[in-house]
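Notes follow once the structure below has been shown.
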Amino acid sequence: MTPRRPYLVRAIYDWLLDNQLTPHLVVAATVPHCQLPWEFVEDGQIILNITPTAVGQFAISNEQISFHARFSGKPHHVVVPMAAVVALYARENGAGTMFEAEPAYEAWIAAELAAEEQAGDDDVEGDTVSLASSEDSASSGKADSNADANAENKAAKRSHLRVVK
């Protein structure tokens, strides 16, 4: 049998929107193939507002949920495999559901993790890249401190925007 999660996600999402509620998606960020804004992941999870006004090009397929969204003003393309969907609920009242583990997704996650492990063992070039990037980060320490000083100066300036009532 095919997993029921994609069908339930679509149904609950539509139901929440029909009732003028704000759908929030809880995602397990540790599942392979997640494309997320990692700076907002806490404790291996992220909660995403997926209301139509917050996201663009929203699509739910049987394999994944994908959309474009802005996080702290930066555009991101978000891809959430169905195996990573933990819950879908309304922000206003908590109505929605948590999804139980499904054997098909558990097997998929195990296979993907094993494949990543196998690829990691075969990848000697990855170690070289990480060494080079750590050397680059050490040499750019001065640039980072200058960037922090410039950011503080910009933060001290008053905004040119006014509140109009």
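Here are some conditions: (1) assigned to a helix (DSSP H, G or I); (2) polar (S, T, N, Q); (3) within 17 Å of Val9 (Cα to Cα). Gln118 meets all but one. Which one does it not meet?
(3)
Consider Ser72 carefully, then state whether it is among the small types (Gly, Ala, Ser) and over 25 Å from Glu116 (Cβ atoms).
Yes, satisfied.
Having 2 or more residues that are in contact with a His (Cβ under 9 Å, 6 or more places away or on another chain) is the bar; report the strands (runs of 3 or more DSSP E) wholly within the range 1-101 that clear it.
45-49, 56-60, 64-71, 74-81, 85-90
Given the residues Glu63, Glu102, which is the only one that is surrounded by 15 or more Cβ atoms within 10 Å (Cβ to Cβ), charged (D, E, K, R) and under 15 Å from Val9 (Cα atoms)?
Answer to the selection: Glu102.
Values quoted throughout were computed directly from the atomic coordinates according to the rules given, and no laboratory measurement underlies them. Please read all numbers here as calculations on a predicted model, not as lab measurements. Using ideal geometry, Cβ is built from the backbone for each residue, glycine included, and neighbour counts are taken over all protein chains shown.
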